[in-house]
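The values are calculated or read from the model by the stated rules, or taken from the named source; none is laboratory data. Just so it is clear, the model here is predicted, and its values are computed rather than measured. Neighbour counts are summed over all protein chains in view; Cβ atoms, including those assigned to glycine, are modelled from backbone coordinates with ideal geometry.
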Amino acid sequence: MRVTEKCDVYSFGVVALEVLMGKHPGELLFSLPSSLATDTDLFLKDVLDQRLPPPTGKLAEEVVFVVRVALACTRATPESRPTMRFVAQELSARTQAYLAEPLGMITINKLTGLQK
């Protein structure tokens, strides 16, 4: 494997998910393709660190935003990952201001854009 900027992007996504999950996201990342194929889906609330109370309000919006960016960073094909410049711009200029549905209803596949 050739080391490129996309490797750093992937690593950033892994670290961001690890912070939010309270553990390494390897199992989650491994299960994403199979969850789409089998029509099973994980709820975001179930993968967040269970030692902490569920985020609400503005914090919930921020968590959803960061998870969406982190999942984009960990896409299987390096070419489909964003650049770190894009990630930095998204995080610093965050324009998303609301949740389209309650946190308990948001699924990982919705955040990856892979939901059927």
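So which pairs qualify, if the first residue must be in segment 52-69 and more than 15 Å from residue 91 (Cα to Cα), the second must be of a type in the set (Asp, Glu) and surrounded by fewer than 19 Cβ atoms within 10 Å (Cβ to Cβ), the Cβ gap must be under 8 Å, and the two must be at least 6 apart or on different chains? Filtered contacts from segment 52-69: 55/62.
Helices (runs of 4 or more DSSP H) fully within segment 1-109 that include at least 1 residues being of a type in the set (Phe, Trp, Tyr), surrounded by 11 or more Cβ atoms within 10 Å (Cβ to Cβ) and modelled with pLDDT of 90 or more: 5-21, 57-73, 84-93.
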